[in-house]
1. When Lys and Arg each count +1 and Asp and Glu each count -1, what net charge do the other residues less than 15 Å away from Ile194, Cβ to Cβ, add up to?
2. Starting with the highest mean, order 210-223, 161-174 by the number of other Cβ atoms within 10 Å, averaged over the residues of each peptide.
3. Counting DSSP beta bridges with both partners in region 118-260, what percentage is antiparallel, nearest 5?
4. Given a cut-off of under 8 Å on Cα pairs at least six residues apart, what relative contact order in percent is computed for region 164-249?
5. Quick one: of Lys134/Lys169; Lys135/Lys207; Lys134/Lys200; Lys135/Lys157; Lys207/Lys253, which pairs are farther than 22 Å apart, Cα to Cα?
6. Residue-wise, which Karplus ³J(HN,Hα) couplings in Hz belong to region 116-126, taking 6.51 cos²θ - 1.76 cosθ + 1.60, θ = phi - 60°, and x for glycine or proline?
7. Please say if region 117-273 is rounded, prolate or oblate, where rounded means a/c under 1.5 for a ≥ b ≥ c the square roots of the C-alpha gyration tensor eigenvalues, and otherwise the choice is prolate for a/b larger than b/c and oblate otherwise?
Amino acid sequence: MRRDVVLSEFGLISWQLRGTKSPVPDAPDLPEPRQATGFADLKKQLSRETPHETSHEKTREKTQAKEEVFSPGAFSDTRGQRIAQLSWNDFAADVAACTACDLCKTRTKAVPGVGDVHARWLFVGEGPGAEEDKKGEPFVGQAGRLLDQMLAALGMKRGSDVYIANVLKCRPPNNRAPTPQEADACRPYLERQIALIAPKIIVALGKSAAMLLLNTDASIASLRGRGHRYQETPLVVTYHPAYLLRSPADKAKSWEDLVFAKRTLGNVSAAQQ
Ligand code: URA
């Protein structure tokens, strides 16, 4: 897909043309990553290197510079322990046979996840919708098409250095948000996926993913624009593509978040060399 087409579909080209200079950073031409000692240092470097950053984000950074880390404890129950040992060979079949919550009664297909099992990028959404439930693959509906455009704008595509998963592996009726019980029942699967993939960056798409991975009830607006961690892995929060379809004005913020994630990944890789 051509880059200008991608950016235009992502809602960025028109905004760029109206302004005197582009507020939208060009991800493939990002500055070379620098050595960094930790995620908080990375964030400081990035704030110095990001000319498009808004004053609102700078203020937020000053008041919320503290890095947030959430490390879930080991599973104490036998189901959790079994899932924590699953190999990729057994993973999808185990999800398909799961009856840990009532969503198994209404699902057509379980939706374990899709992509490169050695990916550096892990995107985590909420749960399958109607089309995903039919196909058994995450993000294949309208929100998925926007996610694909977001990936393309970053020069990436699903399946190549990208893995896509959800908090829930089975569709909640009427696409409602996961209940805490459903999210808890499904948590061992996402945690196993993260352990198997060992991504270098996690992008939490929307509130359900942020809640589960960061153990917080804070709004996306307050979580985005700064670095988090899931255990040792840098994590960036952004809006869910389905929300962006309803609120296209926030697409530019989401693009900033993705560029921030890409810079973070570059800095993390450089720090590990
Ligand atoms: N929304 C999600 O969160 N996940 C999907 O797989 C599809 C839509």
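Read-outs throughout are calculated quantities, based only on the coordinates presented, and are distinct from any laboratory measurement. The structure displayed is predicted, hence computed values, not measured ones. Counting neighbours? That spans all protein chains shown, and the Cβs are built from the backbone with ideal geometry, glycine included.
1. On the way: positive: Arg120, Lys169, Arg187, Arg192, Lys200, Arg229; negative: Asp116, Glu191, Glu232.
Taking every Cβ under 15 Å from that of Ile194, the sum is +3.
2. In descending order of packing, they fall as 161-174, 210-223.
3. Restricted to region 118-260, the bridges split so that about 25 percent are antiparallel.
4. Relative contact order of region 164-249: 26 percent.
5. Flagged as over cut-off: Lys135/Lys207; Lys134/Lys200.
6. 7, 6, 10, 5, 7, 9, 10, 9, 10, x, 9
7. rounded
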